[in-house]
Amino acid sequence: MFEQCRWLNEPDRWALVPDGLMVATNQTTDFWRETHYSFIRDSGYFFGREVRGGFTAALRVRAQYKTLYDQAGIMVRLDEATWIKAGIELADGEALLGSVLTVGQSDWATGPFRGDPSDFWIRVTVEHGVLRLQASADSQHWPLVRLCPFPVAERYWVGPMCCTPERAGLDVLFSDFTVAPPSRHALHDLS
């Protein structure tokens, strides 16, 4: 599936390997718009593929988070001012499950992750102006993380995302990337 992706902000060090996509972050990379910090950053790494209409995308993410704001996960993007990034982010001294929804300005929601944050799965479904975000410790049970409005568009970009606002050198392995028609599971169906 990674063969269909293209880079926004191609990192200096990355490779498609038998296990998936390896990425090493550079210094001061991030995605953020205005809220609280009053700056705009669109320098993080995003390896996205185009999807037309609704979809469900899933991804496995493996990384060792060591420095404040180290982050890796999935992104859905329309343009520089309309996107969501979600995954594990180091904040308040621990690796938290987080998501940033940006429609003009960014918000940020975090919470604990029940499982090993250095090896997790993340899944996003977009359909009819709604985005459903789920995370899993085992790729079998998918608790709801976030349900939010997201603009209806003819096409979206979806794929792995990572960045390190405070350092360089986060090594991330992304794998098991799938994109399929929108999930028909009920909202609180954990499968």
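The values are calculated or read from the model by the stated rules, or taken from the named source; none is laboratory data. Note that this is a predicted model, so its numbers are computed, not measured. Quick reminder, even Gly has a Cβ in these numbers, built from the backbone with ideal geometry, and neighbours come from all protein chains shown.
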Residue within the range 155-174 that is without any contact (Cβ under 8 Å) to a residue 24 or more places away in the chain and not small (G, A, S) present: no
Near pairs, Cβ below 9 angstrom, 6+ apart or cross-chain, from the range 1-26 (more than 17 Å from I74 (Cα to Cα)) to any residue that is assigned to a loop (DSSP other than H, G, I, E, B) and of a type in the set (A, V, I, L, M, F, W, C): N26/A168
Every pair of residues 6+ apart whose Cβ atoms lie under 7 Å, when the first sits in the range 80-93 and is more than 21 Å from L170 (Cα to Cα) and modelled with pLDDT of 95 or more while the second is among the charged types (D, E, K, R) and part of a strand (DSSP E or B): E80/D42; A81/R33; W83/R77
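Out of L144, L96, which single residue is surrounded by 17 or more Cβ atoms within 10 Å (Cβ to Cβ) and farther than 27 Å from V17 by Cα? Quick ask: steps written out before the conclusion?
Working: L144 fails: surrounded by 17 or more Cβ atoms within 10 Å (Cβ to Cβ).
So the residue among L144, L96 that is surrounded by 17 or more Cβ atoms within 10 Å (Cβ to Cβ) and farther than 27 Å from V17 by Cα is L96.
Can you spot a residue in the range 53-61 that is surrounded by fewer than 15 Cβ atoms within 10 Å (Cβ to Cβ) and either under 26 Å from R184 (Cα atoms) or at pLDDT 95 or above (or both)? If you could, list the steps in order and put the result at the bottom.
Here is the first cut: in the range 53-61, the residues surrounded by fewer than 15 Cβ atoms within 10 Å (Cβ to Cβ) are 53.
This time we only want the ones that are either under 26 Å from R184 (Cα atoms) or at pLDDT 95 or above (or both), so: 53.
Yes.
Quick one: in the range 159-169, which of the residues that are of a type outside the set (S, T, Y) and crowded, with 24+ Cβ neighbours inside 10 Å is farthest from R77 (Cα to Cα)? Break it down stepwise before answering.
Our first condition is that a residue be of a type outside the set (S, T, Y); within the range 159-169, this holds for 159-163, 165-169.
Those still in the list that are crowded, with 24+ Cβ neighbours inside 10 Å too: 159-163.
On the way: G159: 9, P160: 11, M161: 11, C162: 14, C163: 15 Å.
Going through the qualifying residues, I end up with C163.
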Unmet criterion (only one of (1) over 24 Å from R155 (Cβ atoms); (2) crowded, with 18+ Cβ neighbours inside 10 Å) for D19: (2)
